[in-house]
Amino acid sequence: MALRAERRGVIGWLVLAGVLATTPAFAQPVPSGPTPRLPNGRPDFSGVWVNPYVPDMTRSNPNGPRPQKGAGDLPFTDAGLANITAYHPEDGDYTGMCMPFGLTRSMNSPYPFQILQSDSNISFLVEINTWFHIVPFQNAHPVNLEPTWFGSSAANWDGDTLVIETVGFNGFTRLDTRGHPHSDKLKLTQRFTRVDAGHISYVITIDDPVYYTKPWSNERTFTLSTGDLLEYSCEENNRSLWEGRIKIWVPPTSSPPRQFKGN
């Protein structure tokens, strides 16, 4: 199944979780050579990057041009185990209504993303639904954050590794297509290391005391692309929602919508 051929319809996150492969549907040359750097000496992460599809952050894909290492069995709290046991995506997963996928599920998607970098911030343009996330270089998060789908991020350097910490999530999203939960207390840490001209080593760590007894991580490799981002519309041709195979998602803090009858 061609990963990028699904651009104009709902990609079926709820249906394709076990179908899409982590290997790419097309091959392209990968740049070689040392890590490029900006005039300030920092590694340059700019470019369009192709990532492995990670529908389940616990499982590993050790082979292929974009391997990833899953976390294995997760250290659930009682609340976390109850949440994942009760999760059924067809009963109203928010992605079926094209609501924001959230930071982790956007990075887990089988679609590329672009990084734009300056001395003051680093920005992520995600092909999936044309979302973006702007991260300033700063030492602390703003006080009294308004909870959001993607959270509030701050970037810093650990040597040549870019470290992004994100808090302030609204708790509406899930970590991956499998449905592993997170709460609004989630602290997300992403570590990007550009190991050479064509690759980024990426480690994402989940720290959520509501659903997990200790932090856990997933590791993967991003590959530099020679292509561009394409237009993506999740709502276009969203037949599963229109025809009732996917139930309407209701925010946890809201009541079910009223049912309207025709004249």
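What to note about this one:
- Region 47-76, subset assigned to a loop (DSSP other than H, G, I, E, B) and under 13 Å from the mean Cα position of the chain (by Cα), residue farthest from Arg178 (Cα to Cα): Asn51
Conditions (1) closer than 21 Å to Thr226 by Cα; (2) at pLDDT below 95, marked per residue:
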| site | (1), (2) |
| --- | --- |
| Ile122 | yes, no |
| Asn144 | no, yes |
| Trp149 | no, no |
| Gly159 | no, no |
| Val163 | no, no |
| Val167 | no, no |
| Leu175 | no, no |
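- Condition check for Pro147: surrounded by fewer than 14 Cβ atoms within 10 Å (Cβ to Cβ), out of contact with any helix residue (DSSP H, G or I) (no Cβ under 9 Å at 6 or more places or on another chain), of a type outside the set (Lys, Arg) and closer than 15 Å to Leu186 by Cβ: yes
- Residue check, Val30 touching an Asp or Glu at 6+ places or on another chain (Cβ under 7 Å) and either of a type in the set (Val, Ile, Thr) or surrounded by fewer than 20 Cβ atoms within 10 Å (Cβ to Cβ) (or both): no
- Residues satisfying the stated conditions in region 79-110, i.e. within 10 Å of the chain's Cα centre (by Cα) and not in a helix (DSSP H, G or I): Phe101, Gly102, Ser109, Pro110
- The residues in region 29-75 that are free of Cβ contacts under 8 Å to residues at least 60 places away in the same chain and either of a type in the set (Phe, Trp, Tyr) or under 20 Å from Gly198 (Cβ atoms) (or both) can be counted, and the count is 6.
- If the condition is being closer than 25 Å to Tyr111 by Cβ, modelled with pLDDT of 95 or more, hydrophobic (A, V, I, L, M, F, W, C) and surrounded by 15 or more Cβ atoms within 10 Å (Cβ to Cβ), then region 129-142 contributes only Val135.
- Those strands (runs of 3 or more DSSP E) lying entirely in region 145-263 with at least 2 residues in contact with a Lys or Arg (Cβ under 6 Å, 6 or more places away or on another chain) and not aromatic (Phe, Trp, Tyr): 161-167, 199-207, 216-224
- Number of the exception - Pro24 against (1) modelled with pLDDT under 90; (2) touching a Leu at 6+ places or on another chain (Cβ under 8 Å); (3) under 20 Å from Ser240 (Cβ atoms): (3)
- If you go through region 54-108 and keep only what is among the basic types (Lys, Arg) and either under 23 Å from Val210 (Cβ atoms) or at pLDDT 90 or above (or both), you end up with Arg59, Lys69, Arg105.
The values are calculated or read from the model by the stated rules, or taken from the named source; none is laboratory data. Just so you know, these numbers come straight off a predicted model, no measurement behind them. Don't worry about glycine lacking a Cβ; one is built from the backbone with ideal geometry, like all the others, and counts go over all protein chains shown.
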